[in-house]
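One structure is given below, encoded as structure tokens.
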Amino acid sequence: ESAILGTSPGFTSIQDAINGVNGQNDAATENIDTGGTILVEDGTFEEDVTIDVEGLTLEGPNAGIAGDSAERGSEAVITQGVLIDDADDVTLNGFTVEQDVAGQDGQESVVRVGEDLGSNPDRTFVTDITLSNNVITATPTTDDTLTAVGIEAAVDMTVTTTRLRRLALLETSLE
């Protein structure tokens, strides 16, 4: 079963759907338990997203279509990055994820997988993470170390048909 963000009443953001925050459709909340799927329609989502639900699949409108394919249609764009943490067997499929400065909690990657072990030496690794059919773009500022994907604490991670980009800023002066 799945919940559809964009048509299901009550969800105002991707994070609300992940958290099960849904004041109008209690049946959709049940679908987000372990093993659930959230289908996200096209649009721009100006939020940082933390995926911390076991077995969650987050599917954008381009799920199944390679990140560099001319066949991609309208995108679901997450503008402030994604953190996958405290959850195994997570899939992110068919999105555009962008970020232009270090994000949540100093996150230096547009998509970060696992918590920084330096901040929690007792932390266990997340497992079975899949990034498929996405476009992930880091646009760092001049002094920024922002990267497209950061793997902090993960095992059995798969990245397929995902386009990773790190755009450089060009400094120009007009005289």
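Taken together, the values in this text are just the output of simple stated rules run on the coordinates, not laboratory data. Values in this document were obtained by computation on a predicted structure and should not be read as measured data.
Computed quantities for the displayed model
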| item | result |
| --- | --- |
| Built amide H within the under 5 Å cut-off of THR130, gap 5+ | VAL90, THR91, LEU92, THR158 |
| Placed amide H near SER109: partners under 5 Å, 5+ positions off or other chain | GLY103, THR147 |
| Sequence-distant residues sharing a close amide H with VAL135 (under 5 Å, placed H) | PHE95, THR96, VAL97, ARG163 |
| In Hz, Karplus ³J(HN,Hα) per residue of the stretch 71-87 (6.51, -1.76, 1.60; θ = phi - 60°; x = Gly, Pro) | 7, 4, x, 4, 9, 9, 10, 9, 9, 10, x, 9, 10, 10, 8, 6, 8 |
| Residue-by-residue Karplus 3J(HN,Hα) for the stretch 126-136, coefficients 6.51, -1.76, 1.60, Hz, glycine and proline x | 7, 10, 6, 9, 10, 10, 10, 6, 10, 10, 10 |
| Whole-Hz couplings from phi, Karplus 6.51/-1.76/1.60, listed for the stretch 40-57; x for Gly and Pro | 10, 7, 5, x, 10, 10, 7, 7, 9, 10, 10, 9, 9, 10, 4, x, 7, 10 |
